[in-house]
Amino acid sequence: MISFESIDFENKKVLLRVDLNVPLENRKVTNDFRIRQSAPTIHKILNSGGSVILVTHIGRPKEGEEDPNLSTSILIPALERVLNMPVRFKKDWITGFEINKGEVVLCENVRFLKGETSNDLQLAKDMSNLCDIFINEAFSSSHRAHASNYGVAQNCKIKAPGPLFLTEIQALHKIIKKNESPSLAIIGGSKISTKTALIRNLSRKVDHLILGGGIANLIIKARGFRIGQSLFEEKAFEETCRMIKDIDNIIFPVDVVCANEFSKMATGTVKSLNEIDENDIILDFGPKTLEKIESKLRSAKTILWNGPLGVFEFDNFAYGTRTMAELIAESSAFSVAGGGDTIASIEKFRVSDKISYISTAGGAFLEFLEGKKSPVISILEQH
């Protein structure tokens, strides 16, 4: 794999695949975190004498059709503010255009182009013809072989992962290949079926597993306890029963916080597992379970966090997730966090500056932790 630092960018046109899939409201950027993440790489190329062609997607438009509400032109004000320089928008870019040394050009949403997600060969060649060098900073899409991340790399002699891309890989390697013991993983979410492979793989990589949210409800039910009206994935019940027999390092809850309705105004009641009745809804972990978790978190040297423990969006049931977030923040362990709900809880409890690495990669983050080989990483490794 070619090193980004070894590349001579002088007088070179660089196609930089970035992830600027930022949240929007009324055609305005509401969170510029991903733009700020990309800025150092852009400046590095410019300061080394190159020009930058930015390629990204926003949202999930129907491929080949334009949606003005998902046009990357919306990003221009935020990009110019973060980069502190003019950025040119190019709507019709795939047929080629002139770019000056030291210039940044933002291309229209790549998913407006038919053939992007199917990795159309001609489209990939057209992209490669725009540049001298291809740099990939979009780890978040690296689990899918698209024209703008896989096909273009096939057609470029000089290609490399950018600093952000490499940082993500290195952080995840510390979790699954080189973690310091004691190591611990927290996995939450509503559906266990989407995380079964992840849980099984991590159970072989870490010392302790904590399972929260709807996943924990199903675990409780699989162990023979009632869960009342709580959220759980019924079709995954048998697989969950098999899984808890196979895995011996899960930290099981011993008490929970229940309510009689799913509402932010509901009042919580702490119950041991054998006290849960048919009308209860489990919305958080109880204090005795949190004590068990606290002891493991305080001694941990490596922590992975993917998913809340309970319904943290409701303040009455946020205590478990808040406690866990604060314990991770206080810890000297190497910590990696990822997933939409995880990032939302990190922001809610204001601990982002205390987490070693926060991933915004979504599906790519999970598939890497499952042990799957990324097609995009494979193509970048080829000379």
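The values are calculated or read from the model by the stated rules, or taken from the named source; none is laboratory data. Note that this is a predicted model, so its numbers are computed, not measured. Neighbour counts run over all protein chains shown; Cβ positions are idealised from the backbone, glycine included.
Any chance the stretch 332-349 includes a residue that's hydrophobic (A, V, I, L, M, F, W, C), part of a helix (DSSP H, G or I) and over 14 Å from the mean Cα position of the chain (by Cα)? Reasoning before the result, please.
Step one: filter the stretch 332-349 for residues hydrophobic (A, V, I, L, M, F, W, C), giving 333-334, 336-337, 343-344, 346, 349.
After this cut, where a residue has to be part of a helix (DSSP H, G or I) as well, the list is 343-344, 346.
Next, only the ones that are over 14 Å from the mean Cα position of the chain (by Cα) stay: none.
Within the stretch 332-349 (the criterion being hydrophobic (A, V, I, L, M, F, W, C), part of a helix (DSSP H, G or I) and over 14 Å from the mean Cα position of the chain (by Cα)), the answer is no, since none of the residues qualifies.
Got a number for residues in the stretch 81-114 being within 25 Å of the chain's Cα centre (by Cα) and acidic (D, E)?
Count: 1.
Against the definition (of a type in the set (D, E, K, R) and over 30 Å from E367 (Cβ atoms)), how does D280 come out, yes or no?
Against the criterion (of a type in the set (D, E, K, R) and over 30 Å from E367 (Cβ atoms)), D280 qualifies.
Taking the stretch 1-18, which residues are over 13 Å from P161 (Cα atoms) and among the acidic types (D, E)?
Within the stretch 1-18, the subset over 13 Å from P161 (Cα atoms) is 8-13.
Scanning the stretch 1-18 gives D8, E10.
For the subset of the stretch 323-332 comprising residues that are buried (at least 18 other Cβ atoms within 10 Å of the Cβ) and without any contact (Cβ under 8 Å) to a residue 40 or more places away in the chain, which member is nearest to D284 (Cα to Cα)?
Quick first cut of the stretch 323-332, residues buried (at least 18 other Cβ atoms within 10 Å of the Cβ) only: 323-325, 327-328, 331.
If we keep only those that are without any contact (Cβ under 8 Å) to a residue 40 or more places away in the chain too, we end up with 323, 325, 327-328, 331.
Details: T323: 11, A325: 14, L327: 17, I328: 18, S331: 22 Å.
Taking the candidates together, the pick is T323.
Can you find, within the stretch 350-367, the residue that is nearest to the chain's Cα centre (by Cα) among those that are outside any strand (DSSP E or B) and among the aliphatic types (A, V, I, L, M)?
Applying the first criterion (outside any strand (DSSP E or B)) to the stretch 350-367 yields 350-356, 360-367.
The next check asks that each one be among the aliphatic types (A, V, I, L, M); those that pass are 351, 355, 361, 364, 366.
Details: V351: 17, I355: 14, A361: 3, A364: 7, L366: 7 Å.
Result: A361.
Being in contact with a Phe, Trp or Tyr (Cβ under 7 Å, 6 or more places away or on another chain) and farther than 14 Å from V376 by Cα: is that true of L172 here? Steps first, answer last, please.
On the way: in contact with a Phe, Trp or Tyr (Cβ under 7 Å, 6 or more places away or on another chain): yes; farther than 14 Å from V376 by Cα: yes.
Considered against the rule, which asks whether it is in contact with a Phe, Trp or Tyr (Cβ under 7 Å, 6 or more places away or on another chain) and farther than 14 Å from V376 by Cα, L172 comes out as yes.
For the structure I just gave you, tell me whether K195 is surrounded by fewer than 17 Cβ atoms within 10 Å (Cβ to Cβ) and either out of contact with any helix residue (DSSP H, G or I) (no Cβ under 8 Å at 6 or more places or on another chain) or not aromatic (F, W, Y) (or both). Step through it out loud before you land on a result.
Numbers: surrounded by fewer than 17 Cβ atoms within 10 Å (Cβ to Cβ): no; either out of contact with any helix residue (DSSP H, G or I) (no Cβ under 8 Å at 6 or more places or on another chain) or not aromatic (F, W, Y) (or both): yes.
For K195, the condition - surrounded by fewer than 17 Cβ atoms within 10 Å (Cβ to Cβ) and either out of contact with any helix residue (DSSP H, G or I) (no Cβ under 8 Å at 6 or more places or on another chain) or not aromatic (F, W, Y) (or both) - is not met.
Against the conditions (1) under 26 Å from the mean Cα position of the chain (by Cα); (2) buried (at least 17 other Cβ atoms within 10 Å of the Cβ); (3) without any contact (Cβ under 8 Å) to a residue 60 or more places away in the chain; (4) not in a helix (DSSP H, G or I), where does H57 fall short? Just the number, please.
For H57, the failing item is (3).
Criterion first (surrounded by fewer than 20 Cβ atoms within 10 Å (Cβ to Cβ) and part of a helix (DSSP H, G or I)) does R81 satisfy it? Can you show your working first?
Working: surrounded by fewer than 20 Cβ atoms within 10 Å (Cβ to Cβ): yes; part of a helix (DSSP H, G or I): yes.
Answer is yes for this residue.
Working only within the stretch 335-370, note down all residues that are modelled with pLDDT of 90 or more, surrounded by fewer than 18 Cβ atoms within 10 Å (Cβ to Cβ) and under 16 Å from A185 (Cβ atoms).
S356, Y357, E370
Conditions (1) farther than 30 Å from S6 by Cα; (2) touching a Leu at 6+ places or on another chain (Cβ under 9 Å), marked per residue:
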| position | (1), (2) |
| --- | --- |
| E137 | no, yes |
| A171 | no, no |
| H208 | yes, yes |
| G214 | yes, yes |
